[in-house]
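First up is the structure itself, then whatever we jot down about it.
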Amino acid sequence: MAGRGKLIAVIGDEDTVTGFLLGGIGELNKNRKPNFLVVEKDTSITEIEETFKSFLARNDIAIILINQFIAEMIRHAIDAHMQSIPAVLEIPSKEHPYDASKDSILRRAKGMFSAEDFR
Amino acid sequence: MGVLREEDSCLLLDEKLLYFMDQLELLEGKRKTLNSLIEQGWFSISKARYSMGNKQVSALQFANEMEPLVSVHVRTLENDEVEFCAVRSSRKCNDEFVKEPTSIEDIGPQEEGIRRRKNTKSDVAEKKTSEDISSEKAPEVNPGRKRDHNPQQDPLKWFGILVPQSLKQAQSSFKQVIELSAEIAALQIVVLNARQELKHDLRNNDGSTGAGLNTSARSNEKEADVLSANESS
């Protein structure tokens, strides 16, 4: 690892993870724990949630990239994360295009223009 | 005096709102670029899969040992803003330049040995001498192979030595995505902070002057408190 830099973690379908690992973000630490999770058809939501929480708990991760359709499965866990580090970034997946109205950050940001704020 | 103060605070609010909108627009623009780059990457991966075979580009090809070639430097600024800076380690590039010529030299003589298939007596004698030479050369080959096990190798090599151009294109577009995602992560925090500040100022403005955008803010104060409590939890 160069300097004291942190890692980028990724939770996504096979092609997304493959692409990001090609980009050079992959790491297996001393305990052989990876900083990525390939979500397949038989991957349970509990497993995804646990992995996401374990990434949140790690000090060496700065950004978590997650496919939006997977983020939808664990929306409660993503909404509960309020810290700025690690930053959670929702990205599109092959079968599900990016929808800004579902993005938790944009929903939070646009929340201020809701009817309730201007009543 | 009161009117002036009110005007000033309104101007300040306008400024902050414009800043917030600008950042939001910037975020949206970068998002669009990120999405199109990712799409491009997938397309290239699919092309590579088509030419290499279905199982050749999959999670099964990932190396057993990996070390990140990109790291993110995080800097917290004074105004609660966080800066993410994706840095590609330079060590990898240097290693590549050193590795490539040796790997070509290693492959050359081995292939020549395999191509000679005629079993004449003279060839057998030649083989013996060539084996002696190769056994002498063996210690030179090993270090090259050891270097190949270096976990900080180019991930392209997980998928073979001669990978198609499309896989290289996929790699370059995902490299761009990684850099862009660091920028977007920082921008997201800027947007959230700007929004928080604006909301706080709006509430203060309403509380002190009773004027502004929200005329019935006081009656809705309880609702706002509930909202902020939800946010802080």
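The values are calculated or read from the model by the stated rules, or taken from the named source; none is laboratory data. Note that the coordinates shown come from a computational prediction; the quantities given were computed from them, not determined experimentally. Neighbour counts are summed over all protein chains in view; Cβ atoms, including those assigned to glycine, are modelled from backbone coordinates with ideal geometry. Quick note on the areas: whole protein, heavy atoms, side chains included, nothing else; ligands and nucleic acids left out. Shrake-Rupley method; radii C 1.70, N 1.55, O 1.52, S 1.80 Å.
Values as computed for the structure displayed
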item	result
Evaluated over the stretch A:30-119, the Cα radius of gyration and Dmax, each in Å	14.6, 55
Distance in nm between pseudo-label sites at B:GLU197 and B:LEU18 (7 Å out along the Cβ direction from Cα)	1.5
Accessible surface, the stretch A:5-108, averaged per residue in Å² (probe 1.4 Å)	41
Protein accessible surface hidden between A and B, which excludes ligands and nucleic acids, total in Å², probe 1.4 Å	4900
Percent antiparallel among DSSP beta bridges (both partners in the stretch A:5-108, rounded to 5)	5
Drop in accessible area of at least 40 Å² in the complex versus isolated chain, residues of the stretch A:88-112, 1.4 Å probe	A:LEU89, A:PRO92, A:LYS94, A:TYR98, A:ILE105, A:LEU106, A:ARG108, A:ALA109, A:MET112
Minimum 50 Å² accessible area buried by the other protein chains, the stretch A:17-62 residues, probe 1.4 Å, relative to alone	A:THR18, A:PHE20, A:LEU21, A:LEU22, A:GLY23, A:GLY24, A:LEU28
Selection of GluC sites (Glu not before Pro), the stretch A:15-110, meeting DSSP coil and at most 14 other Cβ within 10 Å	A:GLU40, A:GLU95
Summed residue charge, Cβ within 9 Å of B:ALA186's Cβ, Lys/Arg positive, Asp/Glu negative	-3
Over 26 Å (Cα to Cα) - which of A:LYS102/B:LYS32; B:LYS30/B:LYS175; A:LYS41/B:LYS30; B:LYS30/B:LYS168; A:LYS53/A:LYS94 fall in this group	A:LYS41/B:LYS30
Fraction of accessible area attributable to carbon and sulfur, the stretch A:5-108 (%, probe 1.4 Å)	51
Angle in degrees between helix A:14-23 and the longest Cα principal axis of chain A, rounded to the nearest 10	70
Solvent accessible area, Å² - A:MET73, 1.4 Å probe, full protein context	70
Dipole of the stretch A:5-108 [Lys/Arg +1, Asp/Glu -1 at C-beta], most positive-end residue of A:ILE8, A:LEU21, A:MET73	A:ILE8
